[in-house]
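The values are calculated or read from the model by the stated rules, or taken from the named source; none is laboratory data. Remember, it's a predicted structure, so these values are computed and weren't measured experimentally. Neighbour counts run over all protein chains shown; Cβ positions are idealised from the backbone, glycine included. SASA here: full protein model, heavy atoms, side chains in, ligands and nucleic acids out. Shrake-Rupley method; radii C 1.70, N 1.55, O 1.52, S 1.80 Å.
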Amino acid sequence: MGTRCLTHVMDLKGEPIITLYRQSDGYQDGHGSELKEFLEIQIMTNGLSNDNQNLANGMSCLAAKLVSHFKTKPGGFYLHKSGSSDLGEDYTYTVYPSNDQDDTTLSLKVESYSDELFNGLVSDYTATDNYADD
């Protein structure tokens, strides 16, 4: 059984653009680390001025790039209705603009079940799991 996760990408109004379901490796050391690595190099813009691979022209463009980045073969990743939850996920990652007036800086919220593990700038996120001693 894999560690499932959801990744939501939100617009400036806080509405979900996409919900990406990952069937395994959804823990912070896995998907969280890969998501941070992807998001850190994105240059958020409002309008395009060149063809830099790392440019995202707003949150909708970022959402499309995120799906393209992670969905490279059949299986593993699936799109669900935007804002979906209760799909057996162990972790939920929510990518949102840091400021509701522009989307040039990205923030990330990480939750596991009902616990908020992180909520802040992508650059401040440390994608590590805290394993409890049993």
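With a ≥ b ≥ c taken as the square roots of the eigenvalues of the C-alpha gyration tensor of region 45-123, please select rounded if a/c is under 1.5 and otherwise prolate if a/b is larger than b/c or oblate if it is not? Each step should come with its number before you reach the end.
Numbers: a/c = 2.36, a/b = 1.30, b/c = 1.82.
Since a/c reaches 1.5 but b/c is at least a/b, the shape of region 45-123 is classed as oblate.
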* Asked: Which loop-located trypsin sites (Lys or Arg not before Pro) does region 55-86 contain, where loop means any DSSP state but H, G, I, E or B and the Cβ has at most 16 other Cβ atoms within 10 Å?
  -> K71, K81
* Asked: Quick one: ranking M59, M10 by accessible area, 1.4 Å probe, largest first, what do you get?
  -> M10, M59
* **Cα-based shape type of region 68-113, given that a ≥ b ≥ c are square roots of the gyration tensor eigenvalues and the cut on a/c is 1.5** => oblate
* Asked: Under unit Cβ charges (Lys, Arg +1; Asp, Glu -1), what dipole magnitude, rounded to 20 debye, does the chain have relative to its Cα centre?
  -> 660
* To do: Could you do me a favour and compute the accessible area per residue for the chain, 1.4 Å probe, result in Å²?
  => 57
* Structure-based [θ]222 nm, the chain - -39500 (n - 2.57) summed over DSSP H runs of at least 4, per residue, nearest 500 -> -4500 deg cm²/dmol
* Asked: Counting only protein heavy atoms, what percent of the accessible surface of the chain is carbon or sulfur at a 1.4 Å probe?
  -> 45
